[in-house]
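Peer 1: Here you go, one structure.
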Amino acid sequence: MKRLIRRHFLADRNAAILDLGCGHGALIYFARLAGYQNIRGVDGSSEQIASAKKLGIEGVEEADLMVFLPEQRSESVDIVITIDVVEHFTREELLGFVDQIYRVVKPGGRWIINMPNGGSPFCGRSRYFDLTHELAFTRNSISQLLLSSGFSNIRCFEDAPVPHGVKSAIRFVLWKVIRSILRFYIAVETGDINSGVIFSQNFLVVAEKSEYQ
């Protein structure tokens, strides 16, 4: 959470931030610790919202995201965040959802998304981990979707282990070794030596809305 905030939030601590599918509010908590007070969350689960409120997380509400978004003012939010959300929609639902997010994001704002990686060798583990998952995405497919809805400057990042101690540092080194082996396999099979290929089971996407409409 801290890494996501540090690397991908706007520098302006007064930015209006909307966390869709906020769960029990962990991201909201860490964002406020980092100085982002103008953040609120929405989740369709009454249990998650109850947990957030029990933890003292303010600014959260229970609502169906597909009902909530159309009620928001156009160009009213600087950052929208959806972590483990978009994979729960059907293709038809997702098209409308993306258009609504584009509508509410301000020019110069961004959408931060975390989702299952359909390009991972172990895609099935995250794709079918939850019975309610409908979709998985690759770097290409999510870029096509976002660009067609008007977003630009699409950047994709692996969910690699983050070193923060001895054990996690070892995991990180082993991950880099395994990743190199997987890149070698892809290069042998396809001739593609693109270093930007993403292998992690989930990945992060940051899409921007151009200031020039």
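The values are calculated or read from the model by the stated rules, or taken from the named source; none is laboratory data. In this text, all values refer to a predicted model and were calculated from it rather than measured experimentally. Cβ atoms come from the backbone with ideal geometry, glycine included; neighbour counts cover every protein chain shown. Heads up: the accessible areas ignore ligands, DNA and RNA and are worked out on the full protein's heavy atoms, side chains in. Shrake-Rupley method; radii C 1.70, N 1.55, O 1.52, S 1.80 Å.
Peer 1: About the Cα centre of the chain, what is the dipole size in debye to 20, counting +1 per Lys and Arg Cβ and -1 per Asp and Glu Cβ, all else neutral?
Peer 2: Details: 24 positive and 24 negative charges, 222 e Å.
Dipole size: approximately 1060 debye.
Peer 1: Which far-off residues, 5 or more places away or on another chain, put their amide H under 5 Å from the one on VAL60, with H placed in the peptide plane?
Peer 2: Those qualifying (amide H under 5 Å, at least 5 residues apart or on another chain) are GLY41.
Peer 1: Just how far, in whole angstrom, is region 9-79 from region 196-212 if you go by their alpha carbon centroids?
Peer 2: 21 Å
Peer 1: Another question, if that's okay. May I have the count of lysine pairs in the chain with C-alpha atoms under 23 Å apart, counting pairs 8 or more residues apart or located on different chains?
Peer 2: Lysine pairs satisfying the spacing and distance rule in the chain number 6.
Peer 1: Using modelled backbone amide H atoms (1.01 Å from N, in-plane), which distant-in-sequence or interchain residues come within less than 5 Å of LEU10's amide H?
Peer 2: Long-range HN contacts for LEU10: none found.
Peer 1: Suppose a student asked you for the relative contact order of the chain, using Cα pairs under 8 Å spaced at least 6 residues apart; what percent would you report?
Peer 2: Once divided by the residue count of the chain, the mean separation gives 20 percent.
Peer 1: How large is ³J(HN,Hα) for each residue in region 86-95, as worked out from phi by the Karplus curve 6.51 cos²θ - 1.76 cosθ + 1.60 (θ = phi - 60°), to whole Hz, x for Gly and Pro?
Peer 2: My calculation for region 86-95 gives 4, 6, 8, 8, 6, 4, 5, 5, 5, 4 Hz in order.
Peer 1: Still on this structure: Pull out a ≥ b ≥ c, the square roots of the eigenvalues of the alpha-carbon gyration tensor of region 47-107, then state rounded if a/c is under 1.5, prolate if not and a/b is larger than b/c, and oblate in the remaining case.
Peer 2: Because a/c hits 1.5 or more and a/b fails to exceed b/c, region 47-107 counts as oblate.
Peer 1: Please work out how much length the chain gains when fully extended from ARG3 to VAL177, using 0.36 nm per residue of separation minus the C-alpha to C-alpha distance, in nm with one decimal.
Peer 2: Working: separation 174, 0.36 × 174 = 62.64 nm, distance 2.25 nm.
Gain in length upon complete extension: 60.4 nm.
Peer 1: Tell me which residues come under 5 Å, amide H to amide H, from ASP159 once H is placed; ignore anything under 5 positions away on its chain.
Peer 2: SER200, ASN202, LEU204
Peer 1: How big is the Kirkwood radius of the chain, worked out from every pair of different alpha carbons and given in Å to one decimal?
Peer 2: Computed over the chain, the radius equals 18.3 Å.
Peer 1: Using a basic spin-label model with each label point 7 Å from the Cα along Cα→Cβ, how many nm lie between SER46 and ASN153?
Peer 2: For SER46 paired with ASN153, the spin-label model returns 4.2 nm.
Peer 1: Could you please report the charge total around ILE28, scoring K, R as +1 and D, E as -1 over all other residues with beta-carbon less than 9 angstrom from its beta-carbon?
Peer 2: So the environment of ILE28 carries a net charge of 0.
Peer 1: Determine, from the Cβ-Cβ distance of LEU95 and VAL166 and an R0 of 45 Å, the FRET efficiency 1/(1 + (r/R0)^6), rounded to the nearest 0.05.
Peer 2: In this case the efficiency is close to 0.50.
Peer 1: May I ask you to give the solvent-accessible area per residue for region 56-156, in square angstrom, as obtained with a 1.4 angstrom probe?
Peer 2: Values: 4960 Å² over 101 residues.
That works out to 49 Å² for each residue.
Peer 1: Another question, then. Subtracting the Cα-Cα distance from 0.36 nm times the residue separation, let me have the gained length for GLU189 to THR132 in nm, one decimal.
Peer 2: Taking GLU189 through THR132 to full extension adds about 17.2 nm, to one decimal.
Peer 1: Rounded if a/c is under 1.5, else prolate if a/b beats b/c, else oblate: with a ≥ b ≥ c from the C-alpha gyration tensor eigenvalues square-rooted, which is region 35-156?
Peer 2: oblate
Peer 1: Based on the alpha-carbon gyration tensor of region 18-65 and its eigenvalue square roots a ≥ b ≥ c, which shape applies: rounded if a/c is under 1.5, prolate if not and a/b is larger than b/c, or oblate?
Peer 2: oblate
Peer 1: Also, quick follow-up: If the elastic network links every pair of Cα atoms under 10 Å, which of THR82, THR138, THR90 fluctuates the most in the Gaussian network model of the chain?
Peer 2: THR90
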